[in-house]
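The values are calculated or read from the model by the stated rules, or taken from the named source; none is laboratory data. This structure is a prediction, so every number in the text was calculated from the model and none was measured. Virtual Cβ from ideal backbone geometry, glycine too; neighbours counted across all protein chains shown.
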Amino acid sequence: MTAQALLSVRDLTMNYKTRRGMVSAIDAVSFDLRQGESLGLVGESGCGKTSLAMALLRLLPENAVVERGQILIEGADLLTMTDQQVRDTRWSRVSMVFQAAMNALDPVFTVSDQILEAIYRHQPGIEPSVARARVTQLFQMVGIDPKMADRYPHEFSGGMRQRAVIAMALDCSPALIIADEPTTALDVIVQDQVLRELRRVQSLLNMSMIYISHDIAVIAEVAERIGVMYAGRLVELAPSAAIFHTPAHPYTLALMSAFPSIHGPRTRLTALGGEPPDLLFPPTGCRFHPRCPRVLDQCRQFTPPMQSVGERHQVACWNPVEVRQ
Ligand SMILES: Nc1ncnc2c1ncn2[C@@H]1O[C@H](COP(=O)(O)OP(=O)(O)OP(=O)(O)O)[C@@H](O)[C@H]1O
Ligand SMILES: [Mg+2]
């Protein structure tokens, strides 16, 4: 772990137990995240993005089995913490905006009541006047007029509801915020406004952020570094510019070809041929090999390790696309 790493994930491997067998949802994932840094996670539906996010908060469902690995938050391993230690870490150090969270606001309570409830839950004993002032501050932080506080969720637009959910995740000033597809349900213009706001708050508070999306345009806007996931594995990790201009993994290259330009029309990751593998029976060796145009014999048998191909640029591939420096 480097000195400044806020989060260090090491060899994280997690399966879901199902009646049909074990689903290999996270396999040997390792990466570091520095204080104040934003990392985008991208990959097709079902590649394990939400599973990884949930593991980072130890919020996995009952049938999840962590086989091995470490999740070090400021040097302390989340996986060996007591439940009380996890509760102290969750929300106050690591917080999350869940996938489709904007629909999770309760229609029968005002938005400020729901934020207050979150504040009391995370900081029991806080003075009511301090909590109220905090709601106003959080509203201002995410760009909602505090006068809107006592309205009900249905009186908020989609973008405003999403901002309210982000405000809730910020209530304990976490060191790391994980946002799982927070803007997918919004139209493009509102999505851009919310993203800009999230980015502004993130740099204002010097928070680290993990931003999950299918949408490469969105990832390009928010992330300094990008991790590409394929079938439960991290296959490439690099500064955003390198992912866009000199991708080394054939899967990343395919994603980028499906996406003509950062400033062009938004596309979802569906242009790649073939189907993502069934994680009950993942392919042997490199999990991308059945779809890979650069496949070699060894790819079918042996799992490629992450190797360095440039400045902070790593790829797990036996036959990477050449990276021109
Ligand atoms: N509780 C569960 N039990 C069994 N399998 C699960 C469970 N949750 C997720 N999975 C499986 O684990 C794999 C990873 O799912 P996950 O939701 O993490 O993917 P994702 O990348 O977030 O997808 P999406 O982009 O659609 O949100 C998938 O094969 C999924 O079917
Ligand atoms: Mg998901």
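Figure legend. Inter-residue proximity from the range 81-105: first residues within 16 Å of ligand 1 (Cβ to nearest atom), second residues of a type in the set (D, E, K, R), beta-carbon distance below 7 Å, spacing 6+ or different chains. Indicated pairs: 96/180; 97/180; 98/180; 99/180; 99/181; 102/161.
Consider the range 192-222 and keep the residues that are touching a Pro at 6+ places or on another chain (Cβ under 9 Å) and outside any strand (DSSP E or B). The one that is nearest to ligand 1 (Cβ to nearest atom) is 217. Can you find even one residue in the range 224-232 that is among the charged types (D, E, K, R), modelled with pLDDT of 75 or more and under 29 Å from residue 187 (Cβ atoms)? Yes.
Scanning the range 30-46 for residues that are more than 19 Å from residue 217 (Cα to Cα) and not basic (Lys, Arg) yields 30, 31, 32, 33, 35, 36, 46. The set of residues from the range 48-65 being within 12 Å of ligand 2 (Cβ to nearest atom) and either of a type in the set (Asp, Glu) or under 14 Å from residue 177 (Cα atoms) (or both) comprises 50, 52, 53, 54.
Search the range 26-47 for residues that are closer than 17 Å to residue 96 by Cβ and without any contact (Cβ under 8 Å) to a residue 60 or more places away in the chain and pair each with any residue that is among the small types (Gly, Ala, Ser) and away from ligand 2 (no atom under 15 Å from the Cβ) when their beta-carbon atoms are under 9 Å apart and the residues are at least 6 apart or on different chains. Close Cβ pairs (under 9 Å, with a partner that is among the small types (Gly, Ala, Ser) and away from ligand 2 (no atom under 15 Å from the Cβ)) do not exist here.
None of 128, 124 is at pLDDT below 90, more than 27 Å from residue 36 (Cα to Cα) and either away from ligand 2 (no atom under 16 Å from the Cβ) or not aliphatic (A, V, I, L, M) (or both) except 124. Residue 24 meets each of the listed conditions (1) among the hydroxyl-bearing types (Ser, Thr, Tyr); (2) within 16 Å of ligand 1 (Cβ to nearest atom); (3) surrounded by fewer than 18 Cβ atoms within 10 Å (Cβ to Cβ) apart from (3). Criterion first (modelled with pLDDT of 90 or more, within 16 Å of ligand 2 (Cβ to nearest atom) and more than 26 Å from residue 143 (Cα to Cα)) does residue 235 satisfy it? Criteria not met by residue 235.
Here is the figure for the range 296-311: residues that are assigned to a loop (DSSP other than H, G, I, E, B) and at pLDDT 95 or above total 5. Note on the range 138-172: residues that are exposed (fewer than 14 other Cβ atoms within 10 Å of the Cβ) and under 26 Å from the mean Cα position of the chain (by Cα) amount to 2. Restricting attention to the range 106-125, and to residues there that are assigned to a loop (DSSP other than H, G, I, E, B) and either within 16 Å of ligand 1 (Cβ to nearest atom) or not acidic (Asp, Glu) (or both), which single residue is surrounded by the most Cβ atoms within 10 Å (Cβ to Cβ)? Here the residue is 110. Scanning the range 24-78 for residues that are under 17 Å from the mean Cα position of the chain (by Cα) and polar (S, T, N, Q) yields 30, 35, 38, 45, 50, 51.
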